[in-house]
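> Have a look at this one before I ask anything.
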Amino acid sequence: MILRSRSYFGWGPSGADYANPTRGLVIHYNGGPTRIRSHNDCITYWKSVRRDHMNNNRWADLGYSWGVCRHGEVFTGRGLNRYQAAQGTTSGNTGWYSVSLMIGAGEEPTPEQIQAVCDLRAYLAARGNSNKMFGHRDFVSTSCPGDVLYPLVQEGVFGRPGNGTPTSSGGSGEYRPENGDGLYMLYEYGDAIEPLQGALGVTVDGFFGPDTRAAVRGYQDSHGLEVDGIAGPETLTSLGLDEVEPAPDSGVPAWPGVYLKDYTAHGSVRVWQQRMKDRGWRIRVDGRFGPRSERVCRRFQKEKRLAVDGVVGSRTWSKSWTAPVT
C-alpha cells in the first residue's frame, strides 16, 4: 500500500496521548457528499478535517488514525499508538484504530479504496492488532459509516487479503518513519530501533515487537531500572547507546535542563504546569513550582511508577508528555 506520512502534509508527530489499540479497525466516512475527484482534492480534504477537529472540536489532532483517499492511498492521521477521538467511547478510542474513507452519503467507495483498507488491516495485524472490523455505529448511535459502507463491513469485504508492506511512492521497500519522541515502545518501527535490538541480542529488523519489549523488560529488571518495556533515556544510556532527544516537531518539548523544585521560577515551570493541567490534574499555571506543584508531581510520579521525589527532572518531564493518561 502507499502510505503517506504526516510529514507529507507538513505535520509533525501527533500530539495525541499514547495508546496501544489491539482490538481491531473501525470504519468511518465523511457524512455529507465529498465530491472529491483529484488527488489534490484528497489532500485538501484531509487537511481540512484536521483543521475542523482541532479548531472546532478542540481535539489534540484530527480524530482518525488514518484516512483512505479515492485513489487508494492511506493518509496518516494520528497514526500508530495514539488515543483516538473517533469512536465516541473511551474503550473504543483506546482499544481500536480508526480509518475514514473519503466518501460521503450516497457515494460508492472505489475498488482502490477497498483494497487500501484491506492493506491497512494487514499492516496493523502485523503490528499486533486484531483482524476484527467494525463500523462507527457499532459503538454509538450514529449513521456513520453510512448505508453504503456499513453493509460492506458486515459482509466482510474489508477482510479480504491485503498487502501490509507500506511504501511512500508505490515502489518497493517499507516506509519507515522514526518515532521522534525519544522513546522506543511496542509496535513502533524505524531504522533507529536497530541498534537497540543489536545491543539486546534480539532479531534486528527495526520493529519493536513483543520479543523486543520482552528483552527490554528483562534488561531493565536485571539492571535495577524501572521495568516498563519502554526504551527511554535511562535504558538506552545503560545499554551504552546514545540517548535520543525528542525531535523538535515531536510534540514533546526537550527537557530544559532545569530541575523543577523548591519554588523554581522559570519559563519551563509554566510549560510543565500547563501540560499537567491538560492531562486533568488540578494545578495552578503560574510559572512558580510551589507546594501545590510538588504535590502534583509526587502523585504523578507514584502513578507512573517513577522515583517519587517531587522534582521534575528529565524522566518525569518526558513521562509528562509520553505516558498514557490514566
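Coordinate-derived values only; no laboratory data. Keep in mind that this is a model prediction, so the values were computed, not measured. All Cβ positions, even for glycine, are placed from backbone atoms using ideal geometry, and neighbour counts span all protein chains on display.
> For the pair S91 and H39, how long in nm is the line joining their label points, each one 7 Å along Cα→Cβ?
So the two model labels end up 4.2 nm from each other.
> Let me ask you something else. Run down the lysines and flag those whose C-alpha is under 23 Å from the C-alpha of K261, throwing out any fewer than 8 positions away in its chain.
K277, K302, K304, K319
> What distance in nm separates the simple spin-label points at V285 and A254, each placed 7 Å from Cα in the Cβ direction?
Taking the two extended label points, one gets 2.4 nm.
> Turning to a different aspect of this structure: Run the simple label-point estimate for R217 and E112 please: 7 Å along Cα→C-beta, distance reported in nm.
4.3 nm
> So if each residue of separation counts as 0.36 nm, and I subtract the Cα-Cα distance between R298 and N57, what length gain in nm does that give? Write down the numbers at each step before the final one.
Details: separation 241, 0.36 × 241 = 86.76 nm, distance 3.20 nm.
Difference between extended and current length: 83.6 nm.
> Now for a separate question. Straight-line reach from K132: which lysines have a Cα under 18 Å away, not including same-chain ones fewer than 8 places off?
none
> What is the extension gain from D147 to R305, computed as 0.36 nm multiplied by their sequence separation minus the C-alpha to C-alpha distance, in nm to one decimal?
Numbers: separation 158, 0.36 × 158 = 56.88 nm, distance 4.70 nm.
Gain in length upon complete extension: 52.2 nm.
> Cα centroids of region 289-326 and region 1-77: how far apart, whole angstrom?
Spelled out, the Cα-based centre of one part sits 32 Å from the other.
> I've got another one for you. Take each of the peptides 134-145, 50-61, average the number of other beta-carbon atoms within 10 Å over its residues, and list them starting from the highest.
Values: 134-145: 17.3, 50-61: 14.2.
Final packing ranking: 134-145, 50-61.
> I've got another one for you. Going 7 Å from the Cα of N131 along its beta-carbon direction, which residues of region 42-76 have the amide nitrogen within less than 12 Å of the resulting point?
No residues fall inside that zone.
> Cβ under 12 Å from C144's Cβ, C144 left aside: what net charge do those residues give with Lys, Arg +1 and Asp, Glu -1?
Numbers: positive: R137; negative: D138, D147.
Spelling it out: positives minus negatives among the neighbours equals -1.
> May I pose another question? Mind listing the phi-derived Karplus ³J(HN,Hα) values for region 136-145, rounded to whole Hz, using 6.51, -1.76 and 1.60 with θ = phi - 60°, and x for any glycine or proline?
Once rounded to whole Hz, the list reads 3, 5, 6, 9, 9, 6, 7, 7, 5, x.
> So, R0 is 35 Å and r is the distance between the beta-carbons of L225 and F9; what FRET efficiency does that work out to, to 0.05? Intermediate results must be reported in sequence, preceding the final value.
On the way: r = 37 Å, r/R0 = 1.06.
For L225 and F9, the calculated efficiency is 0.40.
> With a cut-off of at most 12 other beta carbons within 10 Å, and DSSP calling the residue loop, which chymotrypsin sites (Phe, Trp or Tyr not before Pro) in region 249-326 qualify? Please list them. Write down the numbers at each step before the final one.
Values: sites: Y259, Y263, W272, W281, F289, F300, W317, W321; in loops: Y259, Y263, W281.
Here the chymotrypsin sites (Phe, Trp or Tyr not before Pro) that fit, given the DSSP loop and packing criteria, are Y263.
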